[in-house]
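Worksheet: the structure to be examined is printed underneath.
The values are calculated or read from the model by the stated rules, or taken from the named source; none is laboratory data. Just so you know, these numbers come straight off a predicted model, no measurement behind them. Please note: Cβ atoms are built from the backbone with ideal geometry, for glycine as well, and neighbour counts cover all protein chains shown. We work out accessible area using only protein heavy atoms, side chains counted, and drop any ligands, DNA or RNA first. Shrake-Rupley method; radii C 1.70, N 1.55, O 1.52, S 1.80 Å.
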Amino acid sequence: DAKTTQPNSMESNEEEPVHLPCNHSTISGTDYIHWYRQLPSQGPEYVIHGLTSNVNNRMASLAIAEDRKSSTLILHRATLRDAAVYYCILRNPGTASKLTFGTGTRLQVTL
Amino acid sequence: DVKVTQSSRYLVKRTGEKVFLECVQDMDHENMFWYRQDPGLGLRLIYFSYDVKMKEKGDIPEGYSVSREKKERFSLILESASTNQTSMYLCASSSPADQTFSYNSPLHFGNGTRLTVT
């Protein structure tokens with residue numbers, strides 16, 4: 001299975017943009033890139049997903065490199081409530097039901 | 001909003017006890033999952049179910065079993081609890097939705113059960 005690599009931790013100031021990177025150099029053509037986040041004392045929640053094109057929703061934007069070997073989750077204006085662990089995950093039809101969560105990136109947001 | 005409810009937030013059991021962790025979802029989802037989360041190891045899939053009475057092993061099924069008698073309920077069973085099963089247990093559900101893109105349906109997680117086995 002294709003794996004993802006993320007930094008262990010990142011810091012950001014409140015109200016500034018945050019770019020969370022993810023490397024997936026062995027991604028296959030059918031892998032979708034998904035992002036989840038886990039707030040303290042809660043289960044993970046879905047953030048966004050994409051295949052090739054950049055994607056936007058109310059929570060975040062996803063920028064996917066042209067060769068698809070990396071992607072970046074963008075929080076346009078970080079708030080204290082965005083402090084969480086962010087997971088980058090690959091999904092494809094063959095392993096559709098088996099999400100593999102790594103250890104993610106712990107984002108700290110400070111005033 | 002989808003709600004996934006895990007019956008206990010905290011649970012303390014003794015070694016050798018049989019332990020039941022219950023999970024209920026209210027959105028008529030076909031797929032349900034059990035994960036455990038440990039520091040430094042991320043989330044690991046124990047079992048999942050894509051229909052009533054159907055189950056599939058995840059990555060770490062040893063020492064666990066599951067039961068899905070009704071669509072909304074998915075139970076994780078520790079037949080004989082051991083200290084290495086002390087962990088945070090997370091239940092999730094998802095809908096196949098459009099069959100072509102079902103693998104992109106988001107998972108909806110409960111808030112977890114922190115199990116301590118002493």
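Normalising by the residue count of chain A, find the relative contact order in percent from Cα pairs under 8 Å and 6+ residues apart. Don't jump to the answer; show the numbers that get you there.
On the way: 265 pairs, mean separation 39.9, N = 111.
Reported as a whole number, the value is 36 percent.
Quick check for you: with a 1.4 Å probe and neighbouring chains kept, what is the accessible area per residue of chain B, in Å²?
Working: 5840 Å² over 118 residues.
That works out to 49 Å² for each residue.
Evaluate E = 1/(1 + (r/R0)^6) for residue B:52 and residue B:79, where r is the Cβ-Cβ distance and R0 equals 22 Å; express this FRET efficiency to the nearest 0.05.
Numbers: r = 22 Å, r/R0 = 0.99.
It comes out at approximately 0.50.
I'd like to check one number: the per residue accessible area of segment A:1-83, probe 1.4 Å, reported in Å² as a whole number. Working shown, then result.
On the way: 4640 Å² over 83 residues.
It amounts to 56 Å² per residue over segment A:1-83.
Would you list which lysines come within 29 Å of residue B:18, measuring only between C-alpha atoms, while excluding same-chain residues fewer than 8 positions from it?
Filter leaves A:98, B:3, B:53, B:55, B:57, B:70, B:71.
Once label points are set 7 Å from the Cα along Cα→Cβ at both residue A:77 and residue A:23, what is their separation, rounded to one decimal in nm?
My value for the distance between the label points is 3.4 nm.
Using a Förster distance of 35 Å, how high is the FRET efficiency between residue A:103 and residue A:15, based on the Cβ-Cβ distance and rounded to 0.05?
Numbers: r = 27 Å, r/R0 = 0.78.
For residue A:103 and residue A:15, the calculated efficiency is 0.80.
Using a simple spin-label model with points 7 Å from Cα along the Cα→Cβ vector, what separation in nm is obtained for residue A:59 and residue B:17?
So the label points at residue A:59 and residue B:17 sit 3.4 nm apart.
Which value, in Å² and to the nearest 10, is the accessible area of residue B:57 when all protein chains are kept and the probe is 1.4 Å?
130 Å²
For q values of 0.13, 0.16, 0.21, 0.22 Å⁻¹, compute log₁₀ I(q)/I(0) with the Debye formula on a Cα-only model of chain A, without solvent.
-0.44, -0.67, -1.13, -1.24
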